[in-house]
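The values are calculated or read from the model by the stated rules, or taken from the named source; none is laboratory data. This is a predicted model, so every value here is computed, not measured. Counting neighbours? That spans all protein chains shown, and the Cβs are built from the backbone with ideal geometry, glycine included.
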Amino acid sequence: MSVHYAPNPTWNSNLILSAKRTSNGSTICLVCTMTGGTAYQTVTPTDIELFRLSASAAAISYSNIPIQLQLSGVSITIPAATYNSRIVFTISAL
């Protein structure tokens, strides 16, 4: 699974969004594995891999994978305004 952000419409570059998964969620797959994503990773405007799912069978089924977001870089030097960003999660096959 990859993630990136898109300013929507305004974002201050001093603000830093980070994401991590807090558990494996649930699955009925006995031969599936989930790796990565347990430490905060900075979310950038280009896709980064948040975590990877793999299985020896062709089908993988996971649900309810909790993702935690963190905002840092907040400072009194950042102009008072409304800043919006859209976070996009992408699930794709390798």
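Among what's in region 33-50 and is assigned to a loop (DSSP other than H, G, I, E, B) and of a type in the set (A, V, I, L, M), pick the residue that is farthest from Arg86 (Cα to Cα).
Ala39
Kindly provide the set of residues from region 13-35 that are touching a residue at least 40 places away in the same chain (Cβ under 8 Å) and of a type outside the set (S, T, N, Q), ordered by number.
Leu15, Ile16, Leu17, Ala19, Lys20, Arg21, Gly25
Which one of Leu53, Leu71, Leu17, Leu30 is assigned to a strand (DSSP E or B) and either modelled with pLDDT under 90 or charged (D, E, K, R) (or both)?
Leu53
Quick check on Ser85: is it under 18 Å from the mean Cα position of the chain (by Cα), surrounded by fewer than 11 Cβ atoms within 10 Å (Cβ to Cβ) and at pLDDT below 95?
The answer is no for Ser85.
Within region 1-14, how many residues are under 11 Å from the mean Cα position of the chain (by Cα), part of a loop (DSSP other than H, G, I, E, B) and within 22 Å of Pro79 (Cα to Cα)?
Of the residues in that region, 0 qualify.
Just to be sure I understand, how many residues within region 75-94 are assigned to a loop (DSSP other than H, G, I, E, B) and either closer than 24 Å to Thr38 by Cβ or charged (D, E, K, R) (or both)?
Residues in region 75-94 being assigned to a loop (DSSP other than H, G, I, E, B) and either closer than 24 Å to Thr38 by Cβ or charged (D, E, K, R) (or both): 4 in total.
Of all residues in region 15-32, which are more than 15 Å from Asn64 (Cα to Cα) and surrounded by 13 or more Cβ atoms within 10 Å (Cβ to Cβ)?
Leu15, Ile16, Leu17, Ser18, Ala19, Cys32
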